[in-house]
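The structure appears below as structure tokens.
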């Protein structure tokens with residue numbers, strides 16, 4: 001996050017400049033968005049998206065112009081600011097808007113962008129990310145900077161806002177978005193699905209899933225747990241996801257109250273390289289639902305992201321271990337809880353795999369090229385295991401529950417976690433953080 005001095009005197013008045021060195025062309029300064037209202041229409045057969053985005057924001061400096069992130073595959077038809085037509089330009093993934101009159105510091109503005117096109121993933125150093133057309137539907141895989149592939153936004157992990165979705169698509173299809181389903185209206189062969197995501201959400205976690213799914217209720221209390229499953233995979237789902245509800249219960253005990261109104265597991269008809277987390281739901285490929293428990297660790301991993309990544313979000317992409325290390329450690333915790341290998345057994349297993357690896361960067365700043373590499377996940381989990389052995393189970397799990405409570409629906413940094421952990425012991429943890437977070441070389445395996 002920029003310093004207060006930079007925020008008061010930005011390089012470009014009301015414009016955009018570098019916010020996060022990992023994604024230097026994403027995100028904007030001059031304002032903060034509090035709410036997105038997205039009215040979307042989608043034709044599955046032609047992969048055609050039409051949208052009206054109503055964006056409510058507050059400026060923190062005078063704005064003579066401002067920018068939103070929006071991919072070039074989306075064509076902008078009209079822009080208004082506070083009800084008046086506004087001039088705009090759209091190039092290089094930035095929608096630059098000149099309001100009819102300057103927006104004063106502290107001024108509330110409502111920008112309405114009407115747009116449409118054929119959505120496709122955004123090419124990035126992390127691969128193709130964003131909107132993805134399936135054989136019979138669509139999904140969104142935004143992490144880290146793919147959200148602009150389908151709606152205009154301030155695409156930075158720290159820029160959280162509430163969302164309202166209205167999705168109109170062909171009636172045979174089920175449309176899922178973040179938050180709670182508040183209405184479903186069918187008219188002339190199409191259905192409009194309305195969702196409200198009240199808890200603040202980062203743009204990369206905003207997601208839509210469209211497919212011919214069977215909706216199932218797995219549990220109604222204390223946390224409603226649902227599933228969207230292709231009918232042909234119903235029997236396989238019963239085996240592969242048999243312990244989904246128990247997993248929610250176990251993680252609630254370990255990590256604190258589940259942070260959202262419900263949780264949904266989605267299984268697509270297509271195979272997926274990796275599962276995908278979004279706020280309040282996760283998406284798995286048909287290959288992850290094969291009638292075995294072979295992929296249960298992935299089910300645990302994606303569920304854990306609801307606490308670590310979705311509710312508590314890393315303020316900078318360099319803090320990615322706060323997402324992936326925690327979710328990976330949740331895999332090991334679930335294994336032990338469900339009668340499999342203990343967390344220590346998994347830790348020793350993966351330590352041996354990492355021991356022969358030469359690391360060029362520390363875990364606390366892995367760099368753009370390796371931020372999603374497997375070593376970040378496993379070394380992050382080992383860091384937590386080392387901390388657990390140092391603190392003891394009582395203080396360690398109390399720390400996790402305090403972490404998810406203190407930063408609930410907020411963004412946080414590695415330094416925030418270090419500071420909070422220091423309140424759970426009278427001993428210095430400096431050597432632990434130095435060895436596991438800030439030194440590239442792998443330290444010795446932690447022992448009691």
Within segment 167-199, can you find the residues that are surrounded by 20 or more Cβ atoms within 10 Å (Cβ to Cβ) and assigned to a strand (DSSP E or B)? 167, 169, 175, 176, 177, 193, 195, 197
With the checklist (1) under 25 Å from residue 259 (Cα atoms); (2) touching a residue at least 60 places away in the same chain (Cβ under 8 Å); (3) surrounded by fewer than 20 Cβ atoms within 10 Å (Cβ to Cβ) in hand, flag the one item residue 147 doesn't pass. (3)
Failed condition for residue 261, given (1) touching a residue at least 12 places away in the same chain (Cβ under 8 Å); (2) over 17 Å from the mean Cα position of the chain (by Cα); (3) surrounded by fewer than 16 Cβ atoms within 10 Å (Cβ to Cβ), with all others met? (2)
Give me the residue from segment 342-357 that is without any contact (Cβ under 8 Å) to a residue 12 or more places away in the chain and part of a loop (DSSP other than H, G, I, E, B) and, out of that set, farthest from the chain's Cα centre (by Cα). 356
Does residue 360 satisfy being under 15 Å from residue 442 (Cα atoms), in contact (Cβ under 8 Å) with a residue 40 or more places away in the chain and surrounded by fewer than 17 Cβ atoms within 10 Å (Cβ to Cβ)? yes
Residue 337 vs (1) within 30 Å of residue 236 (Cβ to Cβ); (2) touching a residue at least 24 places away in the same chain (Cβ under 8 Å); (3) buried (at least 21 other Cβ atoms within 10 Å of the Cβ): all pass except (3)
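Can you name every residue in segment 137-164 that is outside any loop (DSSP other than H, G, I, E, B) and farther than 17 Å from residue 71 by Cα?
As a first pass, look at segment 137-164 and keep what is outside any loop (DSSP other than H, G, I, E, B): 137-141, 147-149, 153, 161-164.
Listed by number, the residues that qualify are 137, 138, 161, 162, 163, 164.
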Residue that is crowded, with 21+ Cβ neighbours inside 10 Å, at pLDDT 95 or above and within 22 Å of residue 39 (Cβ to Cβ), where the choices are 240, 207: 207
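Looking only at segment 40-51, which residues are at negative phi and either in a loop (DSSP other than H, G, I, E, B) or surrounded by fewer than 18 Cβ atoms within 10 Å (Cβ to Cβ) (or both)? Reasoning before the result, please.
Quick first cut of segment 40-51, residues at negative phi only: 40-46, 48-51.
Across segment 40-51, the qualifying residues are 41, 43, 44, 45, 46, 48, 50.
The values are calculated or read from the model by the stated rules, or taken from the named source; none is laboratory data. Everything numeric in this text was worked out from a predicted model, so none of it was measured. We place every Cβ from the backbone using ideal geometry, glycine too, and count neighbours over all the protein chains shown.
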